[in-house]
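Chemist: Quick one: this structure, given as structure tokens, is what I'll be asking you about.
The values are calculated or read from the model by the stated rules, or taken from the named source; none is laboratory data. This structure is a prediction, so every number in the text was calculated from the model and none was measured. In this analysis, Cβ positions are derived from the backbone assuming ideal geometry, glycine residues included, and neighbour counts consider all displayed protein chains. Accessible surface is based on the protein model in full, side chains and every heavy atom, while ligands, DNA and RNA are left aside. Shrake-Rupley method; radii C 1.70, N 1.55, O 1.52, S 1.80 Å.
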There are 2 protein chains.
Amino acid sequence: MIRGDLIGKSVILDGTKLSLEEAAYSLERKQITLFEEGIKLELRAFLKRASSILPKFELRFLVFKDIRDRGYYLKAGPLDFRVYPRGVKSGTGESRYIIHVLSEREPIAVDMILQDLELSENLKKRLLYAVVDEEGDITYYEIKRRDISGSAPPVELSDSVNGDLLDERVMIWNDSTLSELNERWWFGRLIEETRLQLSFVESAYLIEKGSLMLTDPEGEVLNLERFIEISSAIEGNFVKKYLTYRDLRDRGMVVKTGFKFGSHFRVYEEIPGETSYHSRYLVHVLIDDREVRLPEISRAVRLAHGVRKQMIFAVILDERVEYFEARWMRL
Amino acid sequence: MIRGDLIGKSVILDGTKLSLEEAAYSLERKQITLFEEGIKLELRAFLKRASSILPKFELRFLVFKDIRDRGYYLKAGPLDFRVYPRGVKSGTGESRYIIHVLSEREPIAVDMILQDLELSENLKKRLLYAVVDEEGDITYYEIKRRDISGSAPPVELSDSVNGDLLDERVMIWNDSTLSELNERWWFGRLIEETRLQLSFVESAYLIEKGSLMLTDPEGEVLNLERFIEISSAIEGNFVKKYLTYRDLRDRGMVVKTGFKFGSHFRVYEEIPGETSYHSRYLVHVLIDDREVRLPEISRAVRLAHGVRKQMIFAVILDERVEYFEARWMRL
């Protein structure tokens, strides 16, 4: 058996440097023996030592072991590990993934996600988040920037329509463009063929396009600014939701509420019914643009997977909207 | 056509009082005409008037109309409406449900849920939440108190075991009770048949039962209080999660992480494998015990439904834990 020595933050073995994870893995498989300052370290003692030397060692080792046990070769950096395609060892080929090891418990910074995405694009590697739950089970998510768009025609009404603002909804009555708005562009919900009920994001969009004259109960006509003020008082996150809605509509997609799926929007790439009624995406806006909790991502991805949709998260950056997909991944 | 008059908050019709929702419904079906101080009100004008007279009228009318259109009779109170079984009209039978009309957008008070549950139990009616999303679609949830329990035997170890606290997990080594803990009571996760990794809630439970001697990296033995302190520093909500975990275990259930399902716990009614490996419940602890957002409930219920589990929410009341189920309901 080869002897290794724990020196500083690595193990020296026959003149080669092993990471602590590599050393623990070999030690567990009884391929090496380990010493620190002449004293032999068994696995239990070594894991304790390594945990105290290296932050996150315990999480990293769980992931290292899981990936090696699945038959992949991996080595340290640039986030936590690079993983090579099956059958490829370091030095003989290119790595395919970069892996960031995360604990289910820590909220993660949205900025970190954006930086990781940039890094993975620069390196031309796929980005995986290995999320360790409290029992040590690991779920892998592939994170990918998405530039989604669709083929729905831009909204162009010949005339603007008139609407009433009720409590929390907007109603359009007896208007010739009413069924056009609904059938052609999938705005609102038609009630008894006599009136069209619009959501607040839909109404804001039509006001901004100059296609809706909206009157409040006192008879005042509401411009976009005033309407956004009213909407924001009812729903604190209205502005971020609206910016995302507008961006998605402008990208040629049909956007409806995702409430039943626990996301902000369900999104169709074309007018529903032309070739299918299936919304391809669920889009959830990261309202808190500083941090996000992993159980939230897990829940959304799981739900989207169950209904055969892609889970997209939207981040608002100075009024620009960026999208990234999170996808459950079997390594 | 019968003539009705809008007076105050109701419509008087042939000497009978109609609620505003009933009046709007009849007006829409052209069964009545409506006047206010001698001036005729068409549907559009009446809906605007009613919205300004009655808070939540617009939401209530959406729900009233939806339920009537499904062929049920309903009338006002005690929350928003009582609904009668199909074929039964008020006066000729007992109502079956009490309905609370809620907007997807408002956070709801946990206290309100508990009060609604109490009311429904006192009245011996089933409680439904009619949640109106931003497009006016309605989802019905039945809310029910649940007194769940299981048949897993209480944890009794002949000897206490020794464990190491690593970063975020606890490891037990070479102990004769190791596989017993894992196989008999489903604690932890067995690694390479040599060590058992426990989650923090499991560790706290075993410490409290006097079955685990836990040592930190400096060799200090940790009592429950100290361990909870450490765990809470890593995970802010640890205490509430632990109180729920302990209560569920004490009720004879096997409790494992629900991370993959976006909930705190998945819960088995018996030791998995005895007759099945299916966890019957997902349990999510309401960490904020003041209010909860409906999209969160919607998401959890949808996900649970998709994996054929019952969605249970736990509320901590002075260290006592109460459970209620939320179930998607087709009226």
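Chemist: Give the separation of the Cα centroids, the stretch B:133-180 to the stretch A:232-297, in Å.
Modeler: The stretch B:133-180 and the stretch A:232-297 have Cα centres spaced 34 Å from each other.
Chemist: I would also like to ask the following. On average, how much area does the Cα convex hull of chain B cover when viewed from any direction, in nm²? Don't skip to the end; give the middle numbers.
Modeler: Values: hull surface 83.2 nm².
If you wrap the Cα atoms of chain B in a convex hull and average its projections, you get 20.8 nm².
Chemist: Got a sec to turn the phi values of the stretch B:103-112 into Karplus ³J(HN,Hα) couplings, 6.51 cos²θ - 1.76 cosθ + 1.60 with θ = phi - 60°, whole Hz, x for Gly and Pro?
Modeler: So the J values, rounded to whole Hz, are 8, 3, 7, 7, x, 10, 6, 4, 4, 4.
Chemist: Could you tell me the total accessible area buried at the A-B interface, probe 1.4 Å, in square angstrom to the nearest hundred? Write down the numbers at each step before the final one.
Modeler: On the way: alone 17390 and 17410 Å², together 28620 Å².
So the buried area, both faces added, is about 6200 Å².
Chemist: Taking only the alpha-carbon positions of the protein assembly as shown and ignoring solvent, what does the Debye formula give for the base-10 log of I(q)/I(0) at q = 0.06, 0.07, 0.08, 0.09 Å⁻¹?
Modeler: -0.43, -0.57, -0.72, -0.87
Chemist: Taking a probe of 1.4 angstrom, what is the accessible area of residue A:96 in Å², to the nearest 10?
Modeler: Rounded to the nearest 10, that gives 110 Å².
Chemist: Right, something else. Report the label-to-label distance for residue A:112 and residue A:44 in nanometres (one decimal), using points 7 Å from each Cα along the Cα→Cβ vector.
Modeler: The modelled label-to-label distance comes out at 3.2 nm.
Chemist: If you don't mind, there's one more thing I want to ask. Leaving ligands, DNA and RNA out of it, report the carbon-plus-sulfur percent of the accessible area of the stretch A:1-54 at a 1.4 Å probe. Spell out each step's value before the answer.
Modeler: Working: 1530 of 2930 Å².
The nonpolar share, carbon plus sulfur, comes to 52 percent.
Chemist: Moving to a separate point now. Leaving out same-chain residues fewer than 8 places away, which aspartates and glutamates sit with a Cα under 18 Å from that of residue B:9?
Modeler: A:167, B:21, B:22, B:36, B:37, B:42, B:58, B:80
Chemist: Further question: How big is the stretch A:214-264 in terms of Cα radius of gyration and Dmax, in angstroms?
Modeler: 13.0, 36
Chemist: What are the ³J(HN,Hα) values, in whole Hz, obtained from phi via the Karplus relation 6.51 cos²θ - 1.76 cosθ + 1.60 with θ = phi - 60°, for each residue of the stretch A:133-146 in sequence order, with x given for Gly and Pro?
Modeler: 7, 5, 9, x, 6, 10, 10, 9, 10, 8, 10, 8, 5, 10
Chemist: For the stretch B:58-118, with all protein chains present and a 1.4 Å probe, just round the carbon and sulfur fraction of the accessible area to a whole percent.
Modeler: Working: 1030 of 2450 Å².
That share works out to 42 percent.
Chemist: Quick check: convex hull over the Cα atoms of the stretch B:1-54, volume per residue in Å³, rounded to an integer?
Modeler: On the way: hull volume 3.7 nm³, N = 54.
It comes to 68 Å³ per residue, whole-number rounded.
Chemist: Moving on to the next point. Restricting attention to the alpha-carbon atoms of the stretch A:232-331, what are Rg (one decimal) and Dmax (integer), both in Å?
Modeler: 13.5, 45
Chemist: Separate question: Amide H to amide H under 5 Å from residue A:212: which residues, 5+ apart in sequence or cross-chain, H placed 1.01 Å off N in plane?
Modeler: Amide H neighbours of residue A:212, under 5 Å, 5+ apart: A:161, A:207.
Chemist: Hey, with R₀ at 51 Å, roughly what FRET efficiency would residue B:69 and residue A:68 work out to, going by the Cβ-Cβ distance, to 0.05? Could the numbers behind the result be given before it?
Modeler: Values: r = 60 Å, r/R0 = 1.18.
Result of the calculation: an efficiency of 0.25.
Chemist: How many nm separate the modelled label positions at residue B:1 and residue A:122, each set 7 Å beyond the Cα in the direction of the Cβ?
Modeler: 7.1 nm
Chemist: I've got another one for you. Using a Förster distance of 56 Å, how high is the FRET efficiency between residue A:96 and residue B:90, based on the Cβ-Cβ distance and rounded to 0.05? Write out the running numbers ahead of the final one.
Modeler: Numbers: r = 67 Å, r/R0 = 1.20.
Between residue A:96 and residue B:90 the formula returns 0.25.
Chemist: Using a ≥ b ≥ c from the Cα gyration tensor of the stretch B:153-251 (square roots of the eigenvalues), is it rounded, prolate or oblate, where a/c under 1.5 gives rounded and otherwise the larger of a/b and b/c decides, a/b for prolate? Before the final figure, lay out the partial values.
Modeler: Working: a/c = 1.62, a/b = 1.15, b/c = 1.40.
Cα axes put the stretch B:153-251 in the oblate bin.
Chemist: Beyond 21 Å between alpha-carbons counts as too far, so tell me which of A:256/A:309; B:75/B:124; A:75/A:125; B:48/B:125 fall in that bin. Spell out each step's value before the answer.
Modeler: Values: A:256/A:309 14 Å; B:75/B:124 17 Å; A:75/A:125 14 Å; B:48/B:125 33 Å.
Going by Cα-Cα distance, B:48/B:125 fall outside the 21 Å limit.
Chemist: If I compute solvent accessible area with a 1.4 Å probe over the protein chains, what percent of it on the stretch A:249-309 is carbon and sulfur?
Modeler: That fraction is 43 percent.
Chemist: Which whole number gives the average, over all residues in A:188-200, of C-beta atoms from other chains lying within 10 Å of the residue C-beta?
Modeler: Mean inter-chain Cβ contacts per residue within 10 Å come to 3.
Chemist: Quick check on the stretch B:108-157: take the gyration tensor over C-alpha atoms, sort the square-rooted eigenvalues as a ≥ b ≥ c, and tell me if it's rounded (a/c under 1.5), prolate or oblate. Spell out each step's value before the answer.
Modeler: On the way: a/c = 2.90, a/b = 2.00, b/c = 1.45.
The shape class here is prolate.
Chemist: Now for a separate question. Just to check, using Stokes-Einstein with a Kirkwood Rh over alpha carbon pairs, what's the diffusion coefficient of the stretch B:64-207 at 20 °C and 1.002 mPa s in µm²/s?
Modeler: 109 µm²/s
Chemist: Would you mind putting B:4-13, A:125-134 in packing order, based on average other-beta-carbon counts within 10 Å, highest first?
Modeler: Values: B:4-13: 17.4, A:125-134: 22.6.
Most protected by this proxy first, the peptides run A:125-134, B:4-13.
Chemist: While we're here: Which value, in Å² and to the nearest 10, is the accessible area of residue B:329 when all protein chains are kept and the probe is 1.4 Å?
Modeler: About 20 Å², ignoring ligands and nucleic acids.
Chemist: Sticking with this one: Output, in nm with one decimal and in ascending order, the distances from the residue B:3 label point to the matching label points of the other copies (7 Å from Cα along Cα-to-Cβ).
Modeler: Computed spacing set for this position: 11.1 nm.
Chemist: On full extension of the chain, what length is gained from residue B:289 through residue B:232, given 0.36 nm per residue of separation minus the C-alpha to C-alpha distance? Before the final figure, lay out each step's value.
Modeler: On the way: separation 57, 0.36 × 57 = 20.52 nm, distance 1.75 nm.
This chain segment gains 18.8 nm when fully extended.
Chemist: How much accessible area per residue does chain A have, counting only protein heavy atoms and a probe of 1.4 Å, in square angstrom? Walk me through the numbers on the way to the answer.
Modeler: Working: 14300 Å² over 331 residues.
Result: 43 Å² per residue.
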